[in-house]
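The values are calculated or read from the model by the stated rules, or taken from the named source; none is laboratory data. Remember, it's a predicted structure, so these values are computed and weren't measured experimentally. Note that each Cβ is placed from the backbone with ideal geometry, even for glycine, and that neighbours are counted across all protein chains shown.
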Amino acid sequence: MLFYALYTRLSRKSSIFIFLIYLLIIAGIAITLPNTISPINRVIFLLYAIFIFWAIRSAHIETTNEQADLQSHNTLVWKGLLIFSFLFLILSRIVMFVRFGEAPLGYDTGFYWQYFRLIIINRDIGTAVGSHLTYSSWFPLGFFNLHALTVIHLLHVFHQLLTAGALYFLLRSLPLRKYSFPMSVIGVFIFALSINQFMAFWWMFYKQTLAIPFLLLAIGLFLRRNPFAIPVAGFAAAIHLSSAIPLGIAFVIFIIAQLIICLIKRRLPEREFTYLIVAGLLGVILFVALKGIDDIHYYLNLFLKYKGFATNARSWEVEQIRGLFIPFSTFRLNALFYLPFALIGILQFRRFIETRLTERTLLIPIIFGASLILVSFPFIHQSRSLIFFDILLIIIATPPLFRFIQHFARDRNGAILLGLLCLGFVTFTSRVVWNQPPQLYADEAAELKVLKREGTDSDIRKIDDYIMVTSSLYTPWAYAFTGFGPTIVPGWLTWDKWDLDMWHEFWFSDDNARRLELLQLYGNHNIYIFIGNHQLKNINTPHLKDFIETDSHFTRFSPHIWKYTPQLQDSTQPTI
Amino acid sequence: MMNPSYIKKTSAVWALILIGLFLLFKNWLPFREAILLAMGLPFLYFLPGFLIIKVFFRAGLDQIEAIFLAMLFSLMLLHMGIYTVEENTRMMTIADIALTVAVINILCALIYLAHRKQLSPARLLSRLRSKLHKRDHKQP
């Protein structure tokens, strides 16, 4: 059937052009597919992508069909889909808390917990934390005696809802005419089911997930020619600068493009152009005022230090400078469902919005292009740019997906096919959400909490006892759950006395005497060493594990904690 | 003039939301804090933005857009308000927070009322003038 369709298409006048488009789609899919996919799956996916393109082409030819229009105006269905999307979004975000307890999300939770504690104790954001604007909304909730994790997680889920709402607003701001509502609903639907967005939530990028809804809002307001776009964009950039960079670059390119058009057409710039320049300047002034010179100086130094590229950092810093998020190949794998739609959207962006590209809507493809460059090369925060890029992919994929739905929703068989596709998408995302493990399991957290010193007297942990983690994965957890006491962690906090070479010796050497020498650098203090489930499952330091399990200076305190005592001891130590 | 049934429905929805919030927070907080937080949340995260969009986005927004825009603008105002106070005081107290939130809400309410021409300076002056005029005429 597919080949027959291809054959009939090729026999028409514009066959060469269509053939080229198909080739482009195939090439686009082949380039974007990650290498980890097997050749057979690659072919299957290519067929799926070609089928989608063929279906959307057919839908476009039959765009005047009244029945299709009728289906697209069945608002009850779209309202139902919107409610489902928001419900799925909320459920997928809170299911981790139900399954894994109070701290199921990523590494950064512990850092934010520490910031929250400092802010509420000092009643001042101070110089230790930075980014005053981001954390200022913690004050009211902190004063209600809510726990740090409750406040941080509630706001984090709230920001996800706001992002969905802002995306809805942005899509409604595009000139989609009578299809505006259904297309916006589809955009929110893809967002709710996007695995990349779930991953961004799981990694606990609090500042970025706060900035993104405001960026989307600013773009929406800009498209609607609303002056509120200026303060909103300035605010978003002040919250998280690297998220706002694609918008900033796109805005500059947009201004230059307008100027070039004026030069080519040999006419003076219109009032609109002057307005945009003034608006841009005001936005920058607001950003500088809110961000503060120190923070801007920090970003500039970071940029100059690595000359803009994360690959210029030291080998162990590269991932951190890239932004500690999933790699581009995994990102593409997660986006497989809507990737073909996005590719078609890129090719047919102009046709789908059903109107001549107004000057301002040109901003969307420019932002997309800028983001594509930022995620394709190893720039600073390359991985983090993927989060905003995913939203842009969703925006671009939305109109083709709508056409696809419109085409198939006309008859029963088509509706069944759509239902299956939707079910597959929901099931796939649900499976990923369900299988996502926490970084710290509830039992590990409980073990760490035992070491927290509640008062001045503690039977278990003395005031001068240290906590140690041998993997930086557990750094913030161990520090926070044990009550922010002296904690030895690789490369962070003030209590670490070892350099990288010493840590290497401790991790990988087969010389246990040297390990004891290194531990003696901490003097006559007991050290509680935490080794988490992720370390135990993927052991890359077998000598260290053998050392801790067999050396007589160590006693097993709990399933994941060993106690190191400088002097050899008897076996009467308390254990849990 | 607003439809009375609309007012009843809206009030009922708000009452349900507040009771729901209170019951939710009661699990974690003492009674006083729980009720304060439940009552305070709309002032923190909804009302200022709602008043702003009533003034500046009169047309072209559907209900979903209006709700989310209200929350986004409220959050932005909250962040910027507390940020401004924090930068100046360097030691935030509960009174500072309460005052900041109150000022944000009152300012937005004033803008809204001014927009509805109930508190505009010109209208106030004209009312005052007409009252004075009437009083002058009443005096023998």
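Taken over the range A:172-190, residues that are surrounded by fewer than 24 Cβ atoms within 10 Å (Cβ to Cβ) and within 19 Å of the chain's Cα centre (by Cα) amount to 0.
Quick grid of which residues meet (1) at pLDDT below 90; (2) assigned by TED's automatic domain parsing to the domain that holds residue B:10; (3) within 30 Å of residue A:184 (Cα to Cα); (4) not hydrophobic (A, V, I, L, M, F, W, C):
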residue: B:30; (1), (2), (3), (4): yes, yes, no, yes
residue: B:33; (1), (2), (3), (4): yes, yes, no, yes
residue: B:78; (1), (2), (3), (4): no, no, yes, no
residue: B:103; (1), (2), (3), (4): no, no, no, no
residue: B:114; (1), (2), (3), (4): yes, no, no, no
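Might you let me know whether the range B:86-108 holds any residue that is at positive phi and within 9 Å of chain A (Cβ to nearest Cβ)? Within the range B:86-108, one or more residues are at positive phi and within 9 Å of chain A (Cβ to nearest Cβ).
Among the residues of the range A:138-188, just one is farther than 17 Å from residue B:68 by Cα, in contact with a Phe, Trp or Tyr (Cβ under 7 Å, 6 or more places away or on another chain) and polar (S, T, N, Q), namely A:150. Yes or no: residue A:404 under 22 Å from residue A:194 (Cβ atoms), surrounded by fewer than 22 Cβ atoms within 10 Å (Cβ to Cβ) and not β-branched (Val, Ile, Thr)? No, not satisfied. When the criteria are applied in full, residue A:279 fails the requirement of being under 30 Å from residue A:202 (Cβ atoms), aliphatic (A, V, I, L, M) and in contact with a helix residue (DSSP H, G or I) (Cβ under 6 Å, 6 or more places away or on another chain). Where helices (runs of 4 or more DSSP H) fall entirely within the range A:486-543, those with at least 1 residues that are among the aliphatic types (A, V, I, L, M) and within 18 Å of residue A:562 (Cβ to Cβ) are at A:512-520, A:533-537. Checked across the range A:507-522, the condition of being assigned by TED's automatic domain parsing to the domain that holds residue A:475 and under 25 Å from residue A:441 (Cβ atoms) holds for at least one residue. Residues that are more than 9 Å from chain B (Cβ to nearest Cβ) and farther than 29 Å from residue A:391 by Cβ are absent from the range A:147-164. Against the list (1) out of contact with any helix residue (DSSP H, G or I) (no Cβ under 8 Å at 6 or more places or on another chain); (2) modelled with pLDDT of 85 or more; (3) not aromatic (Phe, Trp, Tyr), the condition residue A:117 fails is (1).
Exactly one residue out of A:141, A:146, A:167, A:154 is within 21 Å of the chain's Cα centre (by Cα), of a type in the set (A, V, I, L, M) and surrounded by 20 or more Cβ atoms within 10 Å (Cβ to Cβ), and it is A:167. Residue count for the range A:270-299 satisfying the condition of being surrounded by 14 or more Cβ atoms within 10 Å (Cβ to Cβ) and assigned to a loop (DSSP other than H, G, I, E, B): 1.
Of the residues in the range B:27-44, not one is at the interface with chain A (Cβ under 8 Å from one of its Cβ atoms), part of a helix (DSSP H, G or I) and within 16 Å of residue A:166 (Cβ to Cβ). Is it fair to say residue A:230 is over 18 Å from the mean Cα position of the chain (by Cα), within 13 Å of chain B (Cβ to nearest Cβ) and more than 19 Å from residue A:382 (Cα to Cα)? Yes: the conditions hold for residue A:230.
Is there a residue being assigned to a helix (DSSP H, G or I), at the interface with chain A (Cβ under 7 Å from one of its Cβ atoms), hydrophobic (A, V, I, L, M, F, W, C) and crowded, with 21+ Cβ neighbours inside 10 Å anywhere in the range B:54-68? Yes, because at least one residue in the range B:54-68 is assigned to a helix (DSSP H, G or I), at the interface with chain A (Cβ under 7 Å from one of its Cβ atoms), hydrophobic (A, V, I, L, M, F, W, C) and crowded, with 21+ Cβ neighbours inside 10 Å. Just give me the residues in the range A:133-191 being of a type in the set (Ser, Thr, Tyr) and in a helix (DSSP H, G or I), in sequence order. Once the filter is applied, which keeps residues that are of a type in the set (Ser, Thr, Tyr) and in a helix (DSSP H, G or I), the range A:133-191 yields A:134, A:135, A:150, A:163, A:168, A:173, A:179, A:180, A:184.
Do the conditions hold for residue A:125, that is, is it modelled with pLDDT under 90, within 14 Å of chain B (Cβ to nearest Cβ), in contact with a His (Cβ under 8 Å, 6 or more places away or on another chain) and within 30 Å of residue A:448 (Cβ to Cβ)? Taking the combined requirement at face value, the residue satisfies it. Screening residue A:98 with (1) within 22 Å of the chain's Cα centre (by Cα); (2) within 9 Å of chain B (Cβ to nearest Cβ); (3) free of Cβ contacts under 8 Å to residues at least 12 places away in the same chain gives one miss only, at (2). Within the range B:120-140, the set of residues being modelled with pLDDT under 75, assigned to a helix (DSSP H, G or I) and not basic (Lys, Arg) comprises B:121, B:122, B:124, B:136, B:137.
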